[in-house]
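These notes are about the structure you will find just below.
The values are calculated or read from the model by the stated rules, or taken from the named source; none is laboratory data. All values derive from a computational prediction rather than experimental measurement. With ideal geometry, Cβ positions are generated from the backbone for all residues, glycine too; neighbour counts draw on all protein chains shown. Side chains are part of the model used for accessible areas, which takes the heavy atoms of the whole protein and leaves out ligands, DNA and RNA. Shrake-Rupley method; radii C 1.70, N 1.55, O 1.52, S 1.80 Å.
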Amino acid sequence: MKWYRPSKPGYDDSGHTVERQQQTEGIESHDREVSAALAESFRQGWADTGRKLPPLPGAAYAAKRRAALSERFPGERIVVPSGGLKTRSNDFDYTFRPHSAFVHLTAEQGTQAVPDSVLVFEPTGTGHSVVLFTRQRSPRGGPNGAELYSDRHHGEFWVGRRRTLSETSDALGIEAAPRENLERALGADVPTRVVRGEDTLVDALVPAARPAEAEAELLTWLSESRLVKDEWEIEQMRAAVDYTVAGFHDVVGELRHATTLARGERWVEGTFNRRARLEGYGLGFETIAAAGAHACVLHWMHNDGPVRDGELLLLDAGIEADSFYTGDVTRTLPVNGRFSDAQRRVYDLVFAAQSAGIAALRPGAPFGDFHDAAMRVVAEGLDDWGLLPGGAEAALAPGSGLYRRFTICGSGHMLGLDCHDCAAARRQHYPGGTLEAGHVLTVEPGLYFQPDDLTVPEELRGIGVRIEDDFLITADGALCLSAGLPRGADEVEAWMASLR
Ligand code: GLY
Ligand code: MN
């Protein structure tokens, strides 16, 4: 197999290290050599398939976000890469998923997203000019002509047609330039902040000469600018959650069949994931399909166990729309359609905790209020069951938190392009700040009684329950985006009876 030569020692022009390229080259390939005659043939005889593309639906909103970034960092160059392909094994890559900051600033969509793209804000007298350095459509001929048929990571005959540069400009409303020009563009000595760790070429071209805090400050700004969702983002969140709700309906319809399989959890996972690929780009995170005591493992993603009649199934899953916004919903379902007494007792307590959390959602409320409200209900319930030796108040007191033996983690987070969105925000803003209209977050308390916990009655051991819904904070309260799914125990049983 022939490979085009690297344009820069240490890196090929995609930013992949040459080591990776050589590694691929060294493998005894099942591909055939391309003769000079065949290479010549590949250069010609193709129709002009150039298109005039309309702007992407989110492009105008992304333009406003770029203007805000420009205003925040006057006189500085800002570099935001999309990130590249990540190797799964040998010469196969994972499905590409661009960096969330890049998506936020471009409104790039699904399969159109191009690995190794780099958004550069170049300071001008009055603000910034913005250029997207990206891989264009595989050329037919020229020095890079072999990419078309011999580059299994980027060649059009291997991975599909990318947009041309002018198509990219039309779709995103951003000037587009070939990635080959990136080195020249980053050459001039201008104060520069980079989102690091996403593009090896960018990291090599822009040494981290500035104090590290300067780049941390950029990440923080990018994260905080995603806290309040605009109307287009809210539309995307609604779509992502609607797809997610549909995936849960699919799973309930397949539960009976799942009980007949040795690895029924995988059937549940596959059923949900099929909906994710059908409706969206894919999953916002790996599906958690946890039956029986697996529900006591917060992120049970092995999903290799059976789904048994008489047990609960905890399904925590989210579909990522083509816009890359994701839902994140959990339901805990009695596999045979009816909660046992012990299961219902736990379920009802988690339900009451979640209801208290939901009631605390409103603009102006401290972010932590919903968690505190939910945890008070949990602690009082556990105390009633005799599981908190020192009582609820002592367990809730700062410096104790003993009830957390059974809750383990927090009970909600911001949601958006990332499942755990806005994670680089300053703590005084999130989680330390207050809720605002346009925030989207989850409320997801849970109770987990480990199967080997000798401090709880035997009938509770191995029961794990989490209930999670997604909320949009509005001008005067909160709207449940996942209201299409039943939540209370009776409603869940009725829903399951209707679908089984
Ligand atoms: N849905 C997984 C989580 O929120 O951690
Ligand atoms: Mn969650």
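Structure values in brief
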| item | result |
| --- | --- |
| Filter result (within 14 Å of ligand 2 (Cβ to nearest atom) and of a type in the set (S, T, Y)) within segment 418-442 | T442 |
| Residue that is nearest to ligand 1 (Cβ to nearest atom), among those in segment 403-448 that are surrounded by 19 or more Cβ atoms within 10 Å (Cβ to Cβ) and of a type in the set (S, T, N, Q) | T442 |
| Residue match in segment 372-392 (condition: within 23 Å of A317 (Cβ to Cβ) and surrounded by 17 or more Cβ atoms within 10 Å (Cβ to Cβ)) | yes |
| Single residue of E320, E311 found to be acidic (D, E) and within 16 Å of ligand 2 (Cβ to nearest atom) | E320 |
| Selection status of S169, surrounded by fewer than 20 Cβ atoms within 10 Å (Cβ to Cβ), out of contact with any His (no Cβ under 7 Å at 6 or more places or on another chain) and under 21 Å from D48 (Cβ atoms) | yes |
| Test: residue in segment 325-336 that is among the hydroxyl-bearing types (S, T, Y), under 23 Å from R461 (Cβ atoms) and within 32 Å of the chain's Cα centre (by Cα) | yes |
| Extreme residue, most open to solvent (accessible area, probe 1.4 Å), among residues of segment 296-345 that are among the acidic types (D, E) and more than 23 Å from T442 (Cα to Cα) | D341 |
| Test: residue in segment 404-417 that is more than 16 Å from ligand 2 (Cβ to nearest atom) and out of contact with any strand residue (DSSP E or B) (no Cβ under 7 Å at 6 or more places or on another chain) | yes |
| Candidate set from segment 449-479 (those that are within 15 Å of F351 (Cα to Cα) and among the hydrophobic types (A, V, I, L, M, F, W, C)); member that is surrounded by the fewest Cβ atoms within 10 Å (Cβ to Cβ) | I467 |
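Condition check ((1) surrounded by fewer than 16 Cβ atoms within 10 Å (Cβ to Cβ); (2) closer than 30 Å to A188 by Cα; (3) modelled with pLDDT of 95 or more; (4) among the hydroxyl-bearing types (S, T, Y)) across all residues:
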position: D116; (1), (2), (3), (4): no, yes, yes, no
position: V120; (1), (2), (3), (4): no, yes, yes, no
position: P123; (1), (2), (3), (4): no, yes, yes, no
position: T126; (1), (2), (3), (4): yes, yes, no, yes
position: S129; (1), (2), (3), (4): yes, yes, yes, yes
position: L132; (1), (2), (3), (4): no, yes, yes, no
position: P143; (1), (2), (3), (4): yes, yes, no, no
position: H154; (1), (2), (3), (4): no, yes, yes, no
position: W158; (1), (2), (3), (4): yes, no, yes, no
